[in-house]
Amino acid sequence: MSLIVFPVILYLLSAFLIALLWKKYKKISSIACFSFSVLTLISVILLGRYVFENGKIIYFIGGWEIPIGIALMVDPLSFVFLLVLNFILPIICWFSISYMEKYVKSSYFYILFSLVSAGLNGILISMDFFNIYVFLEISSISSYILVAFGLKTEQLEASLKYTILGFIGSTFILVAIGLILGKTGTLNIADFTSVAVEMNKIQLWFILGLFISGFALKTALFPFHFWLPDAHSLAPSPVSAILSGLFIKITGFYPLIRIVTNIFIMFPESKFIMMALGLASMIFGALMAIDQIDIKRTYAYSSISQIGYCALALGIGGYYGYLGAILHFVFHSLSKSLLFLNSGAIEYKYGTTKIDDLKGLNDKMPYTTATGSIGMFSVAGVPPFGCFWSKIIIIIAAVKSHFYGIAFICVIVSIITLGYFLKLQRKIFYSKVENSEVNENGFNILMPMVLLSIFIFLSGIIFSPNIKFYVDKAVEIMENFSYFQIMEK
Amino acid sequence: MIVYIAISIMFFVGIYGMMVKKNIIKMIIGVNIIGYAVNLFFIVIGYKNGGIPPILISGMGIKEFVEKAVNPLPQALVLTSIVIDLSIICFLASLSIRIYEKYGTFDLEKIRRLKG
Amino acid sequence: MNKGMSEIVKNISKIVSPFIIIFGISIIFYGHLTPGGGFPGGVIIAASFVLLLLAYGREKVLSKLSLYKSDILHDIGAIMFLSVALIGFSGGIFFLNFFDKGKLFSLWSGGNLLFSNIAIGLKIGTSLFLGITLLSMIRIVYKKNKIEFYEKEEDIK
């Protein structure tokens, strides 16, 4: 039962120990960070047994009960997010053991990496508004510093834009938390939900609007997306993999799920807002990604498009809508991390990521092209890889709720996605090779990518009732649960 | 009531400084002012008319203390928020030094090499 | 340029700064009874060191408290705070306050709070001092778009 605090504690311990003892030794700090992340994965797997026996775990810090103290909670919905997060993080850490060798002060990278991971884990286990805000800030500030890590010219400008826009988002969330404290006098989510049914409707609309704007700025939905292409395309590759695969979903999409389905249950109109934002970012991301010069910028715009799919599915609602949102989150995290690690492997050997300078990678680096192709086909929605299943479920959900136009737009955007990925494959991987003496990548860079691609392949094929049973419980939380029920016990 | 109007005027002054000014240093000062306005808003929420500071002096009963004292919970939240804003300003200041080294200017209209 | 301010300023700051440090320490230690605690106390201790930095110049202050030592103190403060949280596990729950709470209004009546206040005071004091000292060691060479560090390797070690 006290296993619930272990993810946060282990990553904080790793950050502080590396800072104190091993700041000068690059090899030891990288291996220490990797071993702490594997320990966290083991503790989360052990935690899963408790969650599926008892339904949910609620833990009071220091022994103080709910209206007075701070509480932590893990239920099947947040367990799905925890498992995906802690599965991808050791893989990224393994990749960066050999990628970060060319940076001079790479032990600082592992300190910041551990802090980002601690913050992301903390958001998923907390049941208190201000707790969510503090962990959000820990991970956000560490990611602002990580984007500017290489100190090249363009990275500094991208980090400046990202910092200012991220600060505005955090300020909106903080003002909303202040309004909640002023009106109801409590900061606990369960307590607020039971008191909020008696409040004035206009005040609740204002708080809901501030929350959606703040979290949509962290998720990069359509009118709030301006920081994403620069920050994700110019950061070092493991940092891009964390940001685009995990960060925008856990700091932005998970709180939006909680707000729309569990907390503000008296406003069914909030689903139309999510549908509108999701539709706009889907179309915009796909159209902007067609004609880019740089590989990583294409992947960044494609992230905006796929996050639009998730928001659209959340807005449609019903059993199939919620199932599609969760499944699309899981498969897209795996695929997008694989794609960004792949571009890091290409950059490690060639030194550049512009399309015009890379030709004919298939002859010299067969394993890199194989994993890259699997990643691209997976995001585009080709069977039997992962995202095909989630896109089919989203289209079924749209048809069942009589939104035929939206289903048609989903299919068109999917075809456009396949189009620009095929263009990338034709130009980079399968073209004629020029004179170059580049060899295949080493073991430490290849094995994480191979592991991820095997997992995507298998999880697409073994889409069997067993996995569906576990996700079933998570979807039931989104449909039927509201925090009101905790206070009744 | 007047305090809330003053807080919103300070917030808009900070937004004006952040959006309109062309120097990086003036933009950072705008960001700072927004942080001050939000912290002040938090403290004003917990105020009670004619209240005493929430410190228990020996010789005062508990019931009378709870009725008269100002709410201490927002004050603890403001401490955390001040430290978070401090670290963002510190990072932005050192970032602007590095930008001056690479771009040669503090003018925001010339720091625009990324397009599309 | 590195020699500091005039004689009057040097003498007075030499007399005043130990009192500022003791005032900051008392705010940290009595954080559970009077206003204050870890954060303001740490800022006051850092402010006294910055006063010495302004009056005497950088080399003299860094010879007493080098950047290397303050870096280690900073990390010890962080680990101390985490271990205060973990020790609560011995009572069964995370962060449990299991120390014996003595008489009301005395120094020992807070339990856990005393140690966490000291840990945070250490951390904030050293990190503000490090931040201001490092930012003052930079010199922007105008018209050549270069930045230089004063005495790079001596103090950072």
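For the stretch A:90-117, the residues whose backbone nitrogen is under 16 Å from a point 7 Å from the Cα of A:Leu20, taken along Cα to Cβ, are A:111.
Name all residues of the stretch B:94-114 having a backbone nitrogen under 20 Å from the label point set 7 Å from the Cα of B:Tyr36 along its Cα→Cβ direction, giving them as ranges. From the stretch B:94-114, the list is B:94.
Mind pulling the angle between the C-alpha long axis of helix A:295-316 and the longest principal axis of chain A? Nearest 10 degrees, somewhere in 0 to 90. The two axes meet at around 30 degrees. One compactness figure for the stretch A:158-253 is 1.28, namely its Cα radius of gyration divided by 2.2 N^0.38 Å.
Applying 1/(1 + (r/R0)^6) with r as the Cβ-Cβ distance of A:Phe443 and A:Ile31 and R0 = 22 angstrom yields a FRET efficiency of 0.90.
As a quick test, which of the pairs A:Lys152/A:Lys354; A:Lys102/A:Lys427; C:Lys14/C:Lys123; A:Lys391/A:Lys473; A:Lys24/C:Lys60; A:Lys161/A:Lys336 have an alpha carbon distance above 18 angstrom in this structure? Pairs exceeding the cut-off: A:Lys102/A:Lys427; C:Lys14/C:Lys123; A:Lys391/A:Lys473; A:Lys24/C:Lys60; A:Lys161/A:Lys336. Gap in Å between the Cα centre of the stretch A:113-145 and the Cα centre of the stretch A:28-85? Cα centres, the stretch A:28-85 to the stretch A:113-145: 14 Å.
The gain in end-to-end length when the A:Tyr319 to A:Ile265 segment is fully stretched comes to 17.8 nm, 0.36 nm per residue minus the alpha carbon separation. If R0 equals 51 Å, the separation of the Cβ atoms of A:Ile454 and A:Asn200 corresponds to a calculated FRET efficiency of about 0.40.
Under the shape rule built on the C-alpha gyration tensor, where the axes satisfy a ≥ b ≥ c, the stretch B:10-116 is prolate, since a/c reaches at least 1.5 and a/b is greater than b/c. For the stretch A:299-319, the residues whose amide N sits under 13 Å from a probe point set 7 Å from the Cα of A:Ile396 along the beta carbon direction are A:319.
Between A:Lys423 and A:Phe226, the FRET efficiency from the beta-carbon distance, with R0 = 22 Å, is close to 0.30.
With a cut-off of 15 Å between beta carbons, the residues surrounding C:Ile21 carry a summed charge of +2, where Lys and Arg count +1 and Asp and Glu -1. Against chain A, whose longest principal axis is taken from its Cα atoms, helix A:404-424 shows a tilt of about 30°. The simple spin-label model puts a point 7 Å past each Cα toward its Cβ; for A:Val433 and C:Ile25 those points are separated by 7.0 nm.
Taking the C-alpha atoms only, the angle from helix A:106-125 to the longest principal axis of chain A is near 30 degrees.
A crude spin-label estimate for the pair B:Ile2 and C:Leu51, with each label 7 Å from Cα along the Cβ direction, gives 3.5 nm.
Read-outs: derived from the displayed coordinates by stated rules, not from any lab. Owing to the predicted nature of the structure, the values given are computational and were not obtained by experimental measurement. Note: ideal-geometry Cβ built from the backbone for every residue, glycine included; neighbour counts use all protein chains shown.
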